[in-house]
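Trainee: Take this structure first; my questions come after.
The values are calculated or read from the model by the stated rules, or taken from the named source; none is laboratory data. Since this is a predicted model, take the numbers as computed values, not measurements. Note that we place each Cβ from the backbone using ideal geometry, even for glycine, and neighbour counts take in every protein chain shown. Heavy atoms of the whole protein, side chains included, go into the accessibility calculation; ligands, DNA and RNA do not. Shrake-Rupley method; radii C 1.70, N 1.55, O 1.52, S 1.80 Å.
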Amino acid sequence: MQSLARGLAVIAAFDAEHPSMTLSEVARRTELSRAAARRFLLTLEHLGYVRSDGRDFSLTPQVMRLGFAYLSSQSLPDVAQPHLQRLSARLQESTSVAVLDGDDIVYVARQATRRIMAVSIRVGTRFPAYATSMGRVLLAGFTPEQLRDYLDRVTLVPITPSTVTDPERLREELGVIGERGYAVVDQELELGLRSIAAPLHDGAGRVVAAINVSTSVLTPHGESVEQLLEPLRQTAAAIEADLRAQGR
């Protein structure tokens, strides 16, 4: 039990101000001996939760899996679903919430108005993060080290002719998304489909999930999905407020 607690303390030592640390820095922040900190770091590296360049250590995106079990449990879907229903009724478009699991997004809540994709989307459906609006919002929340690791590891396969497959172009797009606070994907996951997504934050301000509205290019909303941004942001704020009220 003590080893588990110390291992989790090592993971928790990394944050926005300390995305990358030396062994000595980890030991100091966790109040562990250098030998103990090294042992836990090497174990976490073996399990895929930590990476090292030989001097500095940083978390990998696989750490998101630890939060996925919590986020995809009862709390987030139950809180989000009524808000998705209201937003969908207001816009007459399909709405969803997803979290990151490894290199994919996983749908944890959804309200569909009509089928606009060739595949049926339901809770549990997975898509590559790089080709989706919700995935890009989540990737934009990565630290530089996490994003570098992601781009080094993932093969950007063209799902449609419009899919961004150049790592540097994707990196630039994620930088823009991080600055403006939303993502638009235009027919990169499926031809004829446009979507816009916004982040969902936890009480500490971290991006932990994403919410989106999807529409067909043939609808009035599909001509310019940015017109959906304000109601999307209002719904995101309402979900965040409900999560905070529950102490999330």
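Trainee: Determine whether residue 243 is under 19 Å from the mean Cα position of the chain (by Cα), modelled with pLDDT under 90 and open to solvent by less than 40 Å² (accessible area, probe 1.4 Å).
Mentor: On the way: under 19 Å from the mean Cα position of the chain (by Cα): yes; modelled with pLDDT under 90: yes; open to solvent by less than 40 Å² (accessible area, probe 1.4 Å): yes.
So residue 243 passes the test.
Trainee: Determine which member of the set 175, 124 is modelled with pLDDT under 90 and over 12 Å from the mean Cα position of the chain (by Cα). So that I can check it myself, show each step before the final result.
Mentor: Values: 175 fails: modelled with pLDDT under 90.
Within the list 175, 124, the selection yields 124.
Trainee: Pairs only if they're at least six apart or on different chains, beta carbon under 8 angstrom, first in region 34-55 and in contact (Cβ under 8 Å) with a residue 60 or more places away in the chain, second part of a helix (DSSP H, G or I); list them, first residue then second.
Mentor: Once the first residue is in contact (Cβ under 8 Å) with a residue 60 or more places away in the chain and sits in region 34-55, its partners that are part of a helix (DSSP H, G or I) give 51/45; 51/145; 51/149.
Trainee: May I ask you to verify whether residue 31 is over 18 Å from the mean Cα position of the chain (by Cα), exposed (fewer than 13 other Cβ atoms within 10 Å of the Cβ), of a type outside the set (Lys, Arg) and at pLDDT 90 or above? Show your work before the answer.
Mentor: Numbers: over 18 Å from the mean Cα position of the chain (by Cα): yes; exposed (fewer than 13 other Cβ atoms within 10 Å of the Cβ): yes; of a type outside the set (Lys, Arg): yes; at pLDDT 90 or above: yes.
Spelling it out, residue 31 is indeed over 18 Å from the mean Cα position of the chain (by Cα), exposed (fewer than 13 other Cβ atoms within 10 Å of the Cβ), of a type outside the set (Lys, Arg) and at pLDDT 90 or above.
Trainee: Which residue out of 191, 200 is of a type in the set (A, V, I, L, M, F, W, C) and more than 24 Å from residue 102 (Cα to Cα)? Step through it out loud before you land on a result.
Mentor: Numbers: 200 fails: more than 24 Å from residue 102 (Cα to Cα).
Going through 191, 200 in turn, just one is of a type in the set (A, V, I, L, M, F, W, C) and more than 24 Å from residue 102 (Cα to Cα): 191.
Trainee: Does region 197-220 contain any residue that is at pLDDT below 95, closer than 18 Å to residue 89 by Cβ and open to solvent by 40 Å² or more (accessible area, probe 1.4 Å)?
Mentor: Yes, the conditions are met somewhere in region 197-220.
Trainee: May I ask you to list the residues in region 37-77 that are closer than 16 Å to residue 148 by Cα, modelled with pLDDT of 85 or more and either under 15 Å from the mean Cα position of the chain (by Cα) or open to solvent by less than 70 Å² (accessible area, probe 1.4 Å) (or both)?
Mentor: 48, 49, 50, 51, 52, 56, 57, 58, 59, 60
Trainee: Under 9 Å by Cβ, and 6 or more places apart or on different chains, what pairs join a residue from region 10-25 that is closer than 9 Å to residue 56 by Cβ and charged (D, E, K, R) with one that is open to solvent by 30 Å² or more (accessible area, probe 1.4 Å) and at pLDDT 90 or above?
Mentor: Listed by first residue and then by second, the contacts come to 25/56.
Trainee: Next up: Would you check which residues across region 156-168 are closer than 16 Å to residue 132 by Cβ and open to solvent by 80 Å² or more (accessible area, probe 1.4 Å) and list them? Before you say what the answer is, go through the steps one by one.
Mentor: Filtering region 156-168 down to residues closer than 16 Å to residue 132 by Cβ leaves 156-160, 162-165.
158, the sole residue that qualifies.
Trainee: A further question on this structure: Between a residue in region 143-167 that is in contact (Cβ under 8 Å) with a residue 24 or more places away in the chain and any residue that is assigned to a loop (DSSP other than H, G, I, E, B) and polar (S, T, N, Q), which pairs come within a Cβ distance under 8 Å, given they are 6 or more apart or on different chains?
Mentor: From region 143-167, the pairs are 146/60; 149/60; 156/163; 156/165; 157/163; 157/165; 160/187; 162/187.
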